[in-house]
Amino acid sequence: MYFQFSNTLGLTSHFSWDPKFLALPSPSGGPLTSDIFPVVYQDPYQILKSTAALLQECPELSSHVRRLWFSGIYQFTNVTHIFDIIGRCDNVRSLTLPWSTLRYGAVGDWVYITNNLPRLTNLEFLGADLKKSQISGDANVEVNYKALEDVRVDFSKLRRLGIRGSSNVQPIVDADLWEIARTATNLEEIHITGTSSATIEGITALVSSAHKALKVLNYAPLDQMTAGFTHLNPSPGIPKIHFCDIITSCPNLTDVNVTVSHICEHILCPPPEYSEDIMALDTPQRVLKWHGNATIRLPYGGHTCVHPELPLEHPDNWAVLQSIFGTARKLQQKSLLVEFVIGNYTFNPATFSVSGDFREPKKLAEGMWEPEGEKESRRGPWGNSGVWEGMGSRWTEIGEEDFFNGVRCGLVKFEY
């Protein structure tokens, strides 16, 4: 067990035997551990319980706690101790909780957290897959008090919301995000990463609710089955709400890293009825204030908003993508660099370049398609720095025009 108490209180659990130690020969022929160590049971959550007792006995300590962080505490019987500790720390600013607290926390617990912690502005949930033994050994694993549905649960004080990771037991889904969005109108930062259970529909609800306050949007639904390098399609079906218009209409949004299921010209500028000139976005509610670097991902299986029935390789969609890239080049003059990851390729409109693995298309072309100026790329499918375990040589950079010539010939496809 790991325990630290200062302005930060952290609780986590970790224990394992060294495989090399277990492989040593045993004098009796049995398990090595039974020869050397007696079998002694220790409650792995004793520190959690002791901390709750300590804060109860010494209330002067609890007033100095600014951050609470819990990890590895998922079972129903132990989650109650988390709420006991939170209930003693009324000066806390930041909470990091296991996702299971949303299921096992009673309505009263969440009413207290959202209404009686006046300085709480940061809330983060950690998801994790449970082992079969953990699931079968917990009779209350399917308990769900549905506290978020109570109208007294109010997230309006929050300025930052984070969700990291997925779970194989009652994960956080769109319905939860809709309930949070009902009152989370003052969020300045939304960070949702590494989860496959929350789609663009739930993200849209949060963004719409925090429309005026939102400054940072980070949504990257990674596929944990492939070591977290593959970005999932956040919503395979046709979206009910046009996310492109919503994200560009946020008046204070400045930093963007988002995965979308559909894309069109409006992802970087207001619709034509609001502004005809991308460089003259001076209408107060329609100013695009993004700055620095923005990353927009459209995984394979995604579509354009104007032609959702057509594959990305269709000529009608080329015009849509090229129009988006042209808008991005204009925005470069306003100190914004936009990178697009579409399918299996990374586009850098500022330099008219595309990075990807073009070995197979060139092999199929048999010399008929040879991109000019092809060079090694430092990008890759898992970020700006794509070199990993010597795979950098597989990715090269070619010109945007050469890329679309390859698409036109049927040699290059937006696929993994």
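The values are calculated or read from the model by the stated rules, or taken from the named source; none is laboratory data. Keep in mind the model is a prediction, meaning the values are calculated, not measured. We place every Cβ from the backbone using ideal geometry, glycine too, and count neighbours over all the protein chains shown. Just the protein is used for accessible areas: all its heavy atoms, side chains included, with ligands, DNA and RNA removed. Shrake-Rupley method; radii C 1.70, N 1.55, O 1.52, S 1.80 Å.
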Inset, instruction - Give the number of residues within segment 136-154 that are surrounded by 16 or more Cβ atoms within 10 Å (Cβ to Cβ) and in contact (Cβ under 8 Å) with a residue 60 or more places away in the chain. - result: 2
Legend entry - Of all residues in segment 172-196 being buried (at least 20 other Cβ atoms within 10 Å of the Cβ) and within 20 Å of His262 (Cβ to Cβ), the one that is modelled with the lowest pLDDT: Thr195
Legend entry - Cβ pairs under 7 Å, 6+ apart, first in segment 96-108 and touching a residue at least 40 places away in the same chain (Cβ under 8 Å), second of a type in the set (S, T, N, Q) and not in a helix (DSSP H, G or I): Trp99/Ser167; Arg103/Asn144; Arg103/Gln170
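Inspect segment 220-231 for any residue being within 18 Å of Thr193 (Cα to Cα), modelled with pLDDT of 80 or more, aliphatic (A, V, I, L, M) and surrounded by fewer than 20 Cβ atoms within 10 Å (Cβ to Cβ) and give the result as yes or no.
Let us first name the residues in segment 220-231 that are within 18 Å of Thr193 (Cα to Cα), namely 220-231.
From the residues that got through so far, the ones that are modelled with pLDDT of 80 or more too are 220-221.
Those still in the list that are aliphatic (A, V, I, L, M) too: 220.
This time we only want the ones that are surrounded by fewer than 20 Cβ atoms within 10 Å (Cβ to Cβ), so: 220.
Checked segment 220-231: at least one residue is within 18 Å of Thr193 (Cα to Cα), modelled with pLDDT of 80 or more, aliphatic (A, V, I, L, M) and surrounded by fewer than 20 Cβ atoms within 10 Å (Cβ to Cβ).
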Inset, instruction - Check segment 57-72 and report whether any residue there is open to solvent by less than 80 Å² (accessible area, probe 1.4 Å), at pLDDT 85 or above, farther than 30 Å from Ile163 by Cα and of a type outside the set (Val, Ile, Thr). - result: yes
Inset, instruction - Considering only residues that are open to solvent by less than 40 Å² (accessible area, probe 1.4 Å) and modelled with pLDDT under 90, look in segment 366-395 and name the one that is nearest to the chain's Cα centre (by Cα). - result: Gly383
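Please verify whether segment 340-350 includes one or more residues that are of a type in the set (S, T, N, Q), out of contact with any Lys or Arg (no Cβ under 6 Å at 6 or more places or on another chain) and assigned to a loop (DSSP other than H, G, I, E, B). Before the answer, list the steps.
Our first condition is that a residue be of a type in the set (S, T, N, Q); within segment 340-350, this holds for 344, 346, 348.
This time we only want the ones that are out of contact with any Lys or Arg (no Cβ under 6 Å at 6 or more places or on another chain), so: 344, 348.
Those still in the list that are assigned to a loop (DSSP other than H, G, I, E, B) too: 344.
Within segment 340-350, one or more residues are of a type in the set (S, T, N, Q), out of contact with any Lys or Arg (no Cβ under 6 Å at 6 or more places or on another chain) and assigned to a loop (DSSP other than H, G, I, E, B).
Looking only at segment 177-197, count how many residues are in contact with a helix residue (DSSP H, G or I) (Cβ under 6 Å, 6 or more places away or on another chain) and either in a loop (DSSP other than H, G, I, E, B) or of a type outside the set (A, V, I, L, M) (or both). Full working, then the answer.
Our first condition is that a residue be in contact with a helix residue (DSSP H, G or I) (Cβ under 6 Å, 6 or more places away or on another chain); within segment 177-197, this holds for 177-179, 181, 184-185, 190.
Going one step further and asking which of them are either in a loop (DSSP other than H, G, I, E, B) or of a type outside the set (A, V, I, L, M) (or both), we end up with 178-179, 184-185.
Summing the residues that are in contact with a helix residue (DSSP H, G or I) (Cβ under 6 Å, 6 or more places away or on another chain) and either in a loop (DSSP other than H, G, I, E, B) or of a type outside the set (A, V, I, L, M) (or both) in segment 177-197 gives 4.
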Legend entry - Checking Gly162 against (1) of a type outside the set (Lys, Arg); (2) out of contact with any Asp or Glu (no Cβ under 8 Å at 6 or more places or on another chain); (3) modelled with pLDDT of 95 or more; (4) not in a loop (DSSP other than H, G, I, E, B), the condition it does not meet: (2)
Inset, instruction - Determine which member of the set Leu321, Leu288 is assigned to a loop (DSSP other than H, G, I, E, B) and either touching a Phe, Trp or Tyr at 6+ places or on another chain (Cβ under 7 Å) or not β-branched (Val, Ile, Thr) (or both). - result: Leu288
Inset, instruction - For residues that are among the small types (Gly, Ala, Ser) and buried (at least 16 other Cβ atoms within 10 Å of the Cβ), scanning just segment 96-135, find the one that is modelled with the lowest pLDDT. - result: Ala128
Legend entry - Candidates Leu331, Leu336, Leu288 - the one that is over 19 Å from Gly399 (Cα atoms), touching a residue at least 24 places away in the same chain (Cβ under 8 Å) and surrounded by fewer than 22 Cβ atoms within 10 Å (Cβ to Cβ): Leu336
Inset, instruction - Go through (1) farther than 23 Å from Cys269 by Cβ; (2) at pLDDT 90 or above; (3) open to solvent by less than 20 Å² (accessible area, probe 1.4 Å) and name the single condition Phe404 misses. - result: (1)
